[in-house]
Amino acid sequence: KTSGGRVEALFLEQQPGGLGLFMLSGGRLRPGVELLPDHGEFRLRLVEKVAPGRWLIEHDSGGSWSQFLSVAGRVPLPPYIRTRRIECGEAEECSDDRERYQTVWASSPGAVAAPTASLHLDQDALVKLEQRGVELVYLTLHVGEGTFLPVTAEHLEDHPIHAEQFDIPDSTAARLEDARQSGRRVVVAGTTSCRAVESFAATGCRRGSTNLFITPGYEFGIAGALLTNFHTPRSTLLAMVAAFAQHSGAGDGLALVKRVYAAAIADKYRFYSYGDASLWQ
């Protein structure tokens, strides 16, 4: 802030009139307050608070939000990564983050965080998979801010699930449907991909918004295996993993996930973003 206070601003999406929707935290905020990014010489000005922690903001760079963020923005690394680096005497960011915290096939901007399961797959891994006869198909799902929200409801089904935008190309949809009809296994990389694929399986819709909430008891229509990282407690992502474990034969999916996670902790697996992956099948 121009007053000297610190504010963290996460860009969510562009809004009409050239405004940007941000999630803000830190300091006393009100319309008209100006923010000075750590990088670049431009300024942000708070226009309107539209929901708790959500603000419409304008900038004075004269360009698009994409151009502004490329100059003044930082990689949205999770706080626990930044905190750990500081504790270890390292810089919060490194020059490799813009490349590492992104999938090698990303092409359509819009997600508020990286689909971290896919970070395990580099170009070399993709080539080796194809050499072994694995057919690769791609889709887009823009990870939404709701992925960060913990489940606070007493009953899981009462949690207000967030919606996310997805787009499944016609060629990908055709290959998924062909795999389903012929009984071939589909391995989805990440909970985001799984949500998009299962939305398509349930509705036949290839693009739009999905609020599909996958919890234990859900019957998967296409996904036959799930590659995913180790997730935070009381998260919708963990609920999806438990659902997959139960669908794959576990009597109690969550109980199996807890045992697997306990073994992973004992063996010092790394959790969350930039962490290790698990394969459920």
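Numbers at a glance
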read-out	value
ARG84 farther than 26 Å from SER193 by Cα and either in a loop (DSSP other than H, G, I, E, B) or more than 19 Å from the chain's Cα centre (by Cα) (or both)	yes
Options LEU227, LEU237; residue that is over 20 Å from HIS155 (Cβ atoms), hydrophobic (A, V, I, L, M, F, W, C), touching a residue at least 24 places away in the same chain (Cβ under 8 Å) and surrounded by 18 or more Cβ atoms within 10 Å (Cβ to Cβ)	LEU227
Test: residue in the range 218-231 that is assigned to a loop (DSSP other than H, G, I, E, B), polar (S, T, N, Q) and within 16 Å of the chain's Cα centre (by Cα)	no
Near pairs, Cβ below 6 angstrom, 6+ apart or cross-chain, from the range 178-194 (within 20 Å of LEU141 (Cβ to Cβ)) to any residue that is of a type outside the set (A, V, I, L, M) and surrounded by 15 or more Cβ atoms within 10 Å (Cβ to Cβ)	VAL186/GLY224; VAL188/CYS194; ALA189/SER118; GLY190/PRO115; GLY190/SER118; GLY190/THR228; THR191/THR228; THR192/PRO115
Residue in the range 189-197 that is in contact with a strand residue (DSSP E or B) (Cβ under 9 Å, 6 or more places away or on another chain), among the aliphatic types (A, V, I, L, M), closer than 24 Å to SER278 by Cα and in a helix (DSSP H, G or I) present	yes
Count of the range 241-281 residues which are within 22 Å of the chain's Cα centre (by Cα) and polar (S, T, N, Q)	3
Qualifying positions in the range 41-61 - under 22 Å from ALA113 (Cβ atoms) and assigned to a loop (DSSP other than H, G, I, E, B)	PRO52, GLY53
Single match in LEU139, LEU129 (criterion: surrounded by 15 or more Cβ atoms within 10 Å (Cβ to Cβ) and aliphatic (A, V, I, L, M))	LEU139
Residues (out of contact with any Leu (no Cβ under 8 Å at 6 or more places or on another chain), over 26 Å from LEU21 (Cα atoms) and surrounded by 13 or more Cβ atoms within 10 Å (Cβ to Cβ)) located in the range 85-120	ARG85, SER118, LEU119
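Let's see how each residue does on (1) outside the structural domain of SER108 (by TED's automatic domain parsing); (2) aliphatic (A, V, I, L, M); (3) on the phi < 0 side of the Ramachandran plot; (4) in a loop (DSSP other than H, G, I, E, B):
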residue: GLY17; (1), (2), (3), (4): yes, no, no, no
residue: LEU24; (1), (2), (3), (4): yes, yes, yes, no
residue: PHE68; (1), (2), (3), (4): yes, no, yes, no
residue: GLY89; (1), (2), (3), (4): yes, no, no, yes
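The values are calculated or read from the model by the stated rules, or taken from the named source; none is laboratory data. All figures in this text were calculated on a predicted structure; none of them were measured in a lab. With ideal geometry, Cβ positions are generated from the backbone for all residues, glycine too; neighbour counts draw on all protein chains shown.
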